[in-house]
Amino acid sequence: MSKGGFSAARLGRIHDVMAGYVERGVVPGLVTLVSRRGEAHVEAIGTKAIDGSEPMRRDTIFRITSMTKPVTAVAAMILVEECRLRLDDPVDRLLPELADRRVLKSVDGPLDDTVPANRPITVRDLLTFRLGFGMLMRPSESTPIQRAQVEQELRSIGPPMPPIPHAPDEWMRRLGTLPLMFQPGERWLYNTGAHVLGVLIARASGQPLEDFFSERIFEPLGMKDTGFSVPAAKFDRFASCYRAGETGELALQDGVEESQWSRPPIFPDAAAGLVSTVGDYLAFGQMLLNQGSLGDERVLSRLSVEAMTTDQMRPGQAVGAEFLPGEGAGWGFGVSIVNRRDSLYTVPGSYGWNGGFGTCWSNDPEEGMVTILMTQRLWDSPSPPEILRDFLTSAYQAIGD
């Protein structure tokens with residue numbers, strides 16, 4: 001038995017289960033990380049691309065997509081601690097585009113059939129995805145408001161490809177031309193809150209979002225490979241990304257040199273724009289597990305971490321949200337919170353989030369455990385794929401008695 005409390009034999013099971021997915025061609029390669037009470041086990045299996053020419057490495061760089069959201073929440077909480085933002089203050093001062101909102105009488109109705117918003121949108125609304133605007137779990141152009149999102153090129157529906165083509169101020173102007181789908185605070189709606197939060201963070205800090213992330217989170221935590229793009233000098237560590245083809249084979253979704261992540265974006269996407277490595281994201285996860293600090297670096301206070309990782313959902317607000325946080329789970333600030341055990345790996349009190357391009361992260365405070373899986377195959381549905389569920393199941397089974 002190792003000091004971290006892992007069984008060596010059971011760690012081998014993680015390898016066997018994950019290697020099976022590579023051997024069957026589900027993914028060309030992957031990197032796993034299981035860390036418990038200061039001891040981390042990392043393994044790279046397979047290759048970075050389906051041509052098999054370059055092996056997967058522990059420091060391979062992945063598009064982590066929605067695992068960006070917890071980072072964005074931490075950035076916002078830094079500004080809350082500095083009193084440059086306040087959780088329950090309206091965002092109108094810094095985001096005047098969202099002042100005096102109109103709200104659709106019916107989410108299926110015409111854009112001019114609206115009523116006044118009952119109250120302003122707050123910072124808490126953005127952090128909890130309750131601003132009244134976001135993804136509807138239905139075909140992407142089935143309602144007038146969804147078609148309007150597409151026409152305005154807001155790109156708040158679906159995966160972050162292609163990228164948002166507008167600079168932050170123009171994106172906010174366009175968003176401000178549309179009514180809200182629901183009253184502020186009424187309903188949990190995925191994704192758009194993080195986009196808006198990124199603009200708010202930049203305006204509140206007086207810095208471009210990428211600079212604030214770098215100076216206040218990435219540099220203090222030693223996250224040297226995390227950012228909104230991959231420089232050419234690191235292309236040899238950047239994995240290609242795939243989706244399921246029409247006949248089940250892997251089809252290229254995003255390559256390396258031609259990748260949209262091969263150059264800085266026009267709009268730094270605070271919902272799904274980051275790339276990272278398992279080592280970098282371990283530092284981020286461990287910081288939260290340590291109540292806001294890593295070594296001598298303190299990023300957040302204990303109280304901020306507790307607020308982030310407390311379920312903020314209220315009855316009725318999760319209507320239609322079961323696809324994403326999952327049944328038995330709630331939502332804090334940028335993270336999903338597990339409220340009940342309904343499998344071997346859904347542990348009450350654990351929290352984290354996944355990326356739709358094939359990544360996942362979870363913290364379990366009771367076990368002192370961080371788990372990370374990095375692949376680059378898009379999910380086939382909103383439900384977590386088998387590889388993710390099998391990884392987490394195997395990780396928990398590796399804990400010794």
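Quick look at the values:
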| item | result |
| --- | --- |
| Qualifying residue in region 68-89 (condition: modelled with pLDDT of 95 or more and part of a strand (DSSP E or B)) | no |
| Enumeration of residues in region 348-401 that are on the phi > 0 side of the Ramachandran plot and either in contact with a helix residue (DSSP H, G or I) (Cβ under 6 Å, 6 or more places away or on another chain) or surrounded by 21 or more Cβ atoms within 10 Å (Cβ to Cβ) (or both) | Gly352, Gly358 |
| Enumeration of residues in region 107-132 that are open to solvent by less than 10 Å² (accessible area, probe 1.4 Å) and touching a residue at least 60 places away in the same chain (Cβ under 8 Å) | Ile121, Val123, Asp125, Leu126, Leu127, Thr128, Phe129, Leu131 |
| Residue in region 1-55 that is nearest to Ser394 (Cα to Cα), counting only those that are part of a loop (DSSP other than H, G, I, E, B) and touching a Pro at 6+ places or on another chain (Cβ under 8 Å) | Lys48 |
| Cβ pairs under 6 Å, 6+ apart, first in region 167-182 and closer than 15 Å to Leu200 by Cβ and in contact (Cβ under 8 Å) with a residue 12 or more places away in the chain, second assigned to a strand (DSSP E or B) and open to solvent by 10 Å² or more (accessible area, probe 1.4 Å) | none |
| Subset of region 1-14 [at pLDDT 75 or above and open to solvent by 70 Å² or more (accessible area, probe 1.4 Å)] | Arg13 |
| Any hit, region 258-275, residues being in contact (Cβ under 8 Å) with a residue 60 or more places away in the chain, among the acidic types (Asp, Glu) and open to solvent by less than 50 Å² (accessible area, probe 1.4 Å) | yes |
| Search result, residues across region 196-207 that are surrounded by 21 or more Cβ atoms within 10 Å (Cβ to Cβ) and among the charged types (D, E, K, R) | none |
| Selection status of Pro160, in contact with an Asp or Glu (Cβ under 6 Å, 6 or more places away or on another chain), at negative phi and crowded, with 18+ Cβ neighbours inside 10 Å | yes |
| Pair list, Cβ < 8 Å and 6+ apart or interchain, from region 328-346 residues that are open to solvent by less than 20 Å² (accessible area, probe 1.4 Å) to residues that are charged (D, E, K, R) and part of a loop (DSSP other than H, G, I, E, B) | Gly328/Arg340; Gly328/Arg341; Gly328/Asp342; Gly330/Asp311; Trp331/Asp311; Gly332/Asp311; Ile337/Asp311 |
| Met18, sole failed condition from (1) on the phi < 0 side of the Ramachandran plot; (2) free of Cβ contacts under 8 Å to residues at least 60 places away in the same chain; (3) surrounded by 15 or more Cβ atoms within 10 Å (Cβ to Cβ) | (2) |
| Test: Leu288 is open to solvent by less than 30 Å² (accessible area, probe 1.4 Å), in a loop (DSSP other than H, G, I, E, B) and not β-branched (Val, Ile, Thr) | no |
| First in region 376-397 and of a type in the set (A, V, I, L, M, F, W, C), second anywhere and assigned to a loop (DSSP other than H, G, I, E, B), Cβ under 6 Å, 6 or more apart | Leu378/Phe357; Trp379/Gly356; Trp379/Pro385; Leu392/Tyr345 |
| Flag for Ile64 being open to solvent by less than 30 Å² (accessible area, probe 1.4 Å), free of Cβ contacts under 8 Å to residues at least 60 places away in the same chain and β-branched (Val, Ile, Thr) | no |
| Selection within region 188-215 - among the charged types (D, E, K, R) and either within 20 Å of Leu154 (Cβ to Cβ) or touching a Phe, Trp or Tyr at 6+ places or on another chain (Cβ under 9 Å) (or both) | Arg203, Glu210 |
| Output for region 159-203, where each listed residue is over 17 Å from Thr68 (Cβ atoms) and of a type in the set (Phe, Trp, Tyr) | Phe182, Trp188 |
| Set Gly185, Gly176, Gly193: member being at positive phi, open to solvent by less than 30 Å² (accessible area, probe 1.4 Å) and touching an Asp or Glu at 6+ places or on another chain (Cβ under 8 Å) | Gly185 |
| Qualifying residue in region 99-106 (condition: within 30 Å of Arg216 (Cα to Cα), free of Cβ contacts under 8 Å to residues at least 24 places away in the same chain and surrounded by 14 or more Cβ atoms within 10 Å (Cβ to Cβ)) | yes |
| Odd one out for Lys224, checked against (1) open to solvent by less than 50 Å² (accessible area, probe 1.4 Å); (2) not in a helix (DSSP H, G or I) | (1) |
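The values are calculated or read from the model by the stated rules, or taken from the named source; none is laboratory data. No experiment lies behind these values; they were computed from the predicted model shown. In this analysis, Cβ positions are derived from the backbone assuming ideal geometry, glycine residues included, and neighbour counts consider all displayed protein chains. When the accessible area is computed, the model is the full protein with side chains, heavy atoms only, and any ligands, DNA or RNA have been set aside. Shrake-Rupley method; radii C 1.70, N 1.55, O 1.52, S 1.80 Å.
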